[in-house]
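Asker: Quick one: the structure is below, questions incoming.
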Amino acid sequence: MGVDQRTFQGIYVIVVTPFTERLEVDEDALRATLRFCFDAGVHGVVATAIASEVGYLSEAERRRSAEIIVEAAARNGTPSVVGVSSSTWKLSADFARHAAAIGAGAIMAMPPFLHAASPTEIRAFYRELAAATDLPIVLQNGIGPGGAAMSPALMAELIAELRTVRFIKEETLHPAQTMGEVTKLAGPRLLGIMGGMAGRALMEEIRHGACGTMPACEFADIHVALWRAIEEKRVADARDIFRRLLPLLDLEHAYGVPLAKEVLKMRGVIPTAAWRQTGCRALDAHARAEVAALLDDAARLMLPAYRHTEMRSGRTERT
């Protein structure tokens, strides 16, 4: 399903890559994760992005994961975005052509990473990407190792110059204010701007014109409940949901991929919480107990089939 101004709204979740205990890609668990996302009512799915541990996938695994996600999204009538970020335009252009061939609705890319790119190199990167395919391009503006954050002026310049650059995912240090600045500079050629960083700044971002957010997928149903409250202008409900969600997102910020995988395991979506990403810390029993308690607080916002079963205080509790 295509991505346009009408469909690029709401909760676009980044689909994690489940692994077996031997760290092989678990395709059955990936499909189960997609079923959870669709059951939650997400508005779009994103393949092979940071939360997918894309930097730890082989090229063949990356392409195969994108194929599974795009195919499942098409069957469900859900828009799909394929992440094509890499260290060079040459690789990203190849991933972009593959995304177009398998029917993705759009592609998303950060500036080239490993070594931070200059503005001149960033311009060249997106020009080559736009030449590789007619798919809409989502500029992913973020920070991190080897990253090169783009200024609002540079993003507006790319939107003005390149016909298919029409969307932004903004997740730098002050995302809401950056959203407001780039929206003013880019004008109507910018068709939508979403937040990232798990949606931790969503309530502020909405004030600056955000059309949604792109979090990892372990809290998909809670994120969807929050978005519905925002859309329906149920301000008190939105604030209450956000207060329940935010401590979970703070834990995700602290633990990263292991938290996302552990929650999906606790919720019965995937069989193991194995990850490949280096530099992470596993959740201990106390961290898992805190996650379980926070999920209990948000139980009414979760799909009943995916509420967790966890041993606490020597007994099993079903939220």
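Asker: Checking Ala160 against (1) surrounded by fewer than 18 Cβ atoms within 10 Å (Cβ to Cβ); (2) small (Gly, Ala, Ser); (3) part of a loop (DSSP other than H, G, I, E, B): exactly one of these is not met. Which one?
Answerer: (3)
Asker: If you check His308, His286, which single one turns out to be more than 28 Å from Lys169 (Cα to Cα), surrounded by fewer than 22 Cβ atoms within 10 Å (Cβ to Cβ), in contact with a strand residue (DSSP E or B) (Cβ under 9 Å, 6 or more places away or on another chain) and not charged (D, E, K, R)?
Answerer: So the residue among His308, His286 that is more than 28 Å from Lys169 (Cα to Cα), surrounded by fewer than 22 Cβ atoms within 10 Å (Cβ to Cβ), in contact with a strand residue (DSSP E or B) (Cβ under 9 Å, 6 or more places away or on another chain) and not charged (D, E, K, R) is His308.
Asker: Within region 207-235, which residues are among the small types (Gly, Ala, Ser) and either in a loop (DSSP other than H, G, I, E, B) or over 27 Å from Thr183 (Cβ atoms) (or both)?
Answerer: Within region 207-235, Gly209, Ala210 meet the criteria.
Asker: While we're here: Please determine whether any residue of region 249-266 is more than 19 Å from the chain's Cα centre (by Cα), at pLDDT 95 or above and under 17 Å from Cys37 (Cβ atoms). Talk me through it step by step, then tell me what you get.
Answerer: To start, the set of residues in region 249-266 that are more than 19 Å from the chain's Cα centre (by Cα) comprises 266.
Narrowing further to those that are at pLDDT 95 or above: 266.
Narrowing further to those that are under 17 Å from Cys37 (Cβ atoms): 266.
Looking through region 249-266, at least one residue is more than 19 Å from the chain's Cα centre (by Cα), at pLDDT 95 or above and under 17 Å from Cys37 (Cβ atoms).
Asker: In this structure, is Glu61 in contact with a strand residue (DSSP E or B) (Cβ under 6 Å, 6 or more places away or on another chain), acidic (Asp, Glu) and in contact (Cβ under 8 Å) with a residue 12 or more places away in the chain?
Answerer: Judged against the criteria, Glu61 is a match.
Asker: Within region 33-61, restricting attention to residues that are within 17 Å of the chain's Cα centre (by Cα) and of a type in the set (Gly, Ala, Ser), which residue is farthest from Trp227 (Cα to Cα)?
Answerer: Among them, the one singled out is Gly55.
Asker: How many residues does region 246-279 contain that are out of contact with any His (no Cβ under 7 Å at 6 or more places or on another chain), of a type in the set (A, V, I, L, M, F, W, C), surrounded by 14 or more Cβ atoms within 10 Å (Cβ to Cβ) and without any contact (Cβ under 8 Å) to a residue 60 or more places away in the chain?
Answerer: Step one: filter region 246-279 for residues out of contact with any His (no Cβ under 7 Å at 6 or more places or on another chain), giving 246-265, 268-279.
Subset that is of a type in the set (A, V, I, L, M, F, W, C): 246, 248-249, 251, 254, 257, 259-260, 263-264, 269-270, 273-275.
Of the ones still in play, those that are also surrounded by 14 or more Cβ atoms within 10 Å (Cβ to Cβ) are 246, 248-249, 251, 257, 259-260, 263-264, 269-270, 273-275.
Filter once more, so that each one left must be without any contact (Cβ under 8 Å) to a residue 60 or more places away in the chain: 246, 248-249, 251, 259, 263, 273.
Total satisfying the criteria: 7.
Asker: Of the residues Ala225, Ala210, Ala236, Ala229, only one is free of Cβ contacts under 8 Å to residues at least 12 places away in the same chain and not charged (D, E, K, R); which?
Answerer: Being free of Cβ contacts under 8 Å to residues at least 12 places away in the same chain and not charged (D, E, K, R) holds for just one of Ala225, Ala210, Ala236, Ala229, which is Ala236.
Asker: Examine region 10-19 for a residue that is more than 16 Å from Ala104 (Cα to Cα) and over 17 Å from the mean Cα position of the chain (by Cα), and state whether such a residue exists.
Answerer: First, pick out the residues of region 10-19 that are more than 16 Å from Ala104 (Cα to Cα): 10-11, 16-19.
Remaining after also requiring over 17 Å from the mean Cα position of the chain (by Cα): 19.
Yes, because at least one residue in region 10-19 is more than 16 Å from Ala104 (Cα to Cα) and over 17 Å from the mean Cα position of the chain (by Cα).
Asker: Another one. Which numbered condition in (1) within 22 Å of Val13 (Cα to Cα); (2) outside any loop (DSSP other than H, G, I, E, B); (3) free of Cβ contacts under 8 Å to residues at least 40 places away in the same chain is the only one that Gln140 fails?
Answerer: It fails just one condition, (3).
Asker: Please verify whether region 186-206 includes one or more residues that are closer than 18 Å to Ala130 by Cα, modelled with pLDDT of 95 or more and part of a loop (DSSP other than H, G, I, E, B).
Answerer: yes
Asker: Scan region 160-211 residue by residue and report those that are closer than 18 Å to Met110 by Cα and of a type in the set (D, E, K, R).
Answerer: Once the filter is applied, which keeps residues that are closer than 18 Å to Met110 by Cα and of a type in the set (D, E, K, R), region 160-211 yields Glu161, Arg163, Arg166, Lys169, Glu170, Glu171.
The values are calculated or read from the model by the stated rules, or taken from the named source; none is laboratory data. Only a predicted model underlies this, so the values are computations on that prediction, with no experimental measurement involved. All Cβ positions, even for glycine, are placed from backbone atoms using ideal geometry, and neighbour counts span all protein chains on display.
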